[in-house]
Structure formats: structure tokens, C-alpha cells
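*Asks:* This is the structure, below, for whatever I ask next.
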Amino acid sequence: MRGDQHEMSFIDHLEALRWHIIRAAIAVVAFATAAFFSKELLFHDLILGPSRPDFWTYRMSCKFAAWLGAPDLCINKIGFVIQNREMSGQLTMHISTSFIVGLVLGFPYLFWELWRFIKPGLYPHERQNSQGAVFFVSVLFAVGLLFGYYIAAPMSIQFLAGYVVDPTIENQIDMQSYLSTLTTMSVACAFVFELPMIVFFLAKAGLITPEIMQVYRKHAIVVVLVIAAIITPPEVTSQIIVTIPIVLLYELSIHIARIVTRNRTASLNAQLAENQGVA
């Protein structure tokens, strides 16, 4: 591999990758085991939190509604009941949820192991340019996860599970459906918030430029609005709350791409001037 004192064979690469995978799997299992034995914290406080009216997001919505003088924005009641309809349903959910939590908590370590495998194959200047990648990827993942858990998921759950076409119909939500909505929204936001880092690496590789992102800015905003309309209730305030962070991330990504492109151009010009001087 580049930067090493000796070339590694294909078998050596596979062996190194195997140990990276094993260590990452051990970390995920360790986090999943800890989550499994923290049942009350995991389910009562975290998983079922958005199903209760005392959840942080709903309390903040009432304070925000009082500040605006718009009581309709206050979420102070839950219009659904979560049920289990299978004999082994709760046990299955306990195991699957623990595994999902293990993956989420272990994500920074997973990425670190992946980075350790990739890093030796980079040139010295590529390593220099990619310093802090694990830190920033982990921070953005955590911020996106919190945004999904506290903003996007509760809004979706409250609207979808509380929506009725007739008052005589009671919403009795299957727990697997509830869990799927919560985890999908939270994890999806976590990966959406990785947009600045994705743009950073694409710009480093010369695959994207700030000019391209500016040209397609309007298209991107339309896509963001559509996504926000799908995952939030059909109410303007909620859609704006979800849309603003994603649009800001896109604008931040344009700025990142501009800096990377400028530095990349300067580096290429300096290298060209050096080569011409030698010639």
C-alpha cells in the first residue's frame, strides 16, 4: 500500500480487512449487549419517548406555541395506542432494537476502522488533506441523529399515528410499525447530515465543483421541500423547521466545495510551476 515500507499482497489486504471487520463487529455486539440489558432506559426513555405527551419535543412545541400565540401548534395529547400482536413480538423487537442501537452507537468506531484500512493506501498529501475525517463524520452523524430523533421522527409519528378519517376509528399502531418509523427517520437524518463530508471528498477528487452545486441549487431546494413535505405533517411551520437545516447544510457544502476547489487549483498550479522550473 502507498506510504508503507513494503507492498501488501491481495491476501494480506484481505487479512487486514478481516481483522478490521472483526473488531468493528465486536464493538457493535458490545454496544448491542449493553443496550439489551438496559431495557428500561432503551424502551421507556428512548424508544417510547416520542409516544408520550411529556416528550421534550412536544413540551417545546407548547412553549413555542405559547410564544407565538398559536395554541394549535401545541402537542399535548397522543392520539394512538401501541400494541403487540405477535407472541414473540416484544422479544423480537428487544433484540432487533438492541442491534440497531449497537450499530448507531458503534458507527464512529466502524468508520474509524474503515478509515484505518483505507488510510495506508493514500498518498501523504491525501492523508494530510483528510485529517479529522473521523471526527467530523462522527459529529455530523450525531447531530443528524439527534435532529431526526427530536424533530423529524416525533413530527412524523404524531401526524401519521394521530391522523383519523373518522372519530369512531381508533388508531392502534403495531409496535414494529412505530419502531420502523422512528428508526428510519432518525437514521436517515443522520446520513443526510453527512452531506458536507460527502461533498468534501467529492470535491477533493474533482468530481464536483461549487459552480455545479450553485447551478443545481434550485433543484436541490425543490427536492428538500418535497422530502420535508413527505416526512412532516402538512403544516407550514413543521416543514420549515425540517427544511432550514438541510438547506443550510447544502449552502455549507457549496462553501466547502469552493474552498477545496480553490486549494486544489492552487496546488496544481504550484506543481505545474515547479515542473516547468525543473524543465
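The values are calculated or read from the model by the stated rules, or taken from the named source; none is laboratory data. Worth saying up front: this structure is predicted, and the values here are computed from it rather than measured. So basically every Cβ, Gly included, is an ideal-geometry build from the backbone, and we count neighbours across all protein chains shown. For accessibility, only protein heavy atoms count, side chains too; no ligands or nucleic acids. Shrake-Rupley method; radii C 1.70, N 1.55, O 1.52, S 1.80 Å.
*Asks:* Please identify the pairs in which a residue from the stretch 259-274 that is open to solvent by less than 60 Å² (accessible area, probe 1.4 Å) has its Cβ atom under 8 Å from the Cβ atom of a residue that is aromatic (Phe, Trp, Tyr), counting only partners at least 6 apart or on another chain.
*Replies:* Listed pairs, sorted by first residue: Val260/Phe200.
*Asks:* Looking only at the stretch 11-41, count how many residues are touching a residue at least 24 places away in the same chain (Cβ under 8 Å), closer than 22 Å to Pro120 by Cβ and of a type outside the set (Lys, Arg).
*Replies:* The total comes to 6.
*Asks:* While we're looking at this one, here's another question. Out of (1) open to solvent by 30 Å² or more (accessible area, probe 1.4 Å); (2) part of a helix (DSSP H, G or I); (3) touching a Phe, Trp or Tyr at 6+ places or on another chain (Cβ under 9 Å), what's the single condition that is false for Gly79?
*Replies:* All conditions are met except number (2).
*Asks:* Residues that are part of a helix (DSSP H, G or I), among the β-branched types (Val, Ile, Thr) and either within 17 Å of Ile151 (Cα to Cα) or in contact with a Pro (Cβ under 8 Å, 6 or more places away or on another chain) (or both): does the stretch 49-62 have at least one?
*Replies:* Yes.
*Asks:* Shifting gears a bit: Look at the stretch 153-175 and say how many of its residues are open to solvent by 70 Å² or more (accessible area, probe 1.4 Å) and assigned to a helix (DSSP H, G or I).
*Replies:* Residues meeting the conditions: 1.
*Asks:* Taking the condition of being open to solvent by 30 Å² or more (accessible area, probe 1.4 Å), over 8 Å from the mean Cα position of the chain (by Cα) and in contact (Cβ under 8 Å) with a residue 24 or more places away in the chain, how many residues in the stretch 135-146 meet it?
*Replies:* Residues meeting the conditions: 1.
*Asks:* Given the conditions (1) within 23 Å of Val199 (Cβ to Cβ); (2) modelled with pLDDT of 80 or more, which single one is not true for Arg85?
*Replies:* Condition not satisfied by Arg85: (1).
*Asks:* Could you go through the stretch 182-202 and let me know if any residue there is buried (at least 18 other Cβ atoms within 10 Å of the Cβ), under 17 Å from the mean Cα position of the chain (by Cα) and under 16 Å from Ile78 (Cα atoms).
*Replies:* Checking the stretch 182-202: at least one residue is buried (at least 18 other Cβ atoms within 10 Å of the Cβ), under 17 Å from the mean Cα position of the chain (by Cα) and under 16 Å from Ile78 (Cα atoms).
*Asks:* Separate question: Could you tell me whether the stretch 211-219 includes any residue that is at pLDDT 85 or above and assigned to a loop (DSSP other than H, G, I, E, B)?
*Replies:* Yes, there is a match, as at least one residue in the stretch 211-219 is at pLDDT 85 or above and assigned to a loop (DSSP other than H, G, I, E, B).
*Asks:* Which ones in the stretch 99-123 are over 15 Å from Ser186 (Cα atoms), part of a helix (DSSP H, G or I) and not aromatic (Phe, Trp, Tyr)?
*Replies:* Listed by number, the residues that qualify are Gly106, Pro108, Leu110, Glu113, Leu114, Arg116, Ile118, Lys119, Pro120, Gly121.
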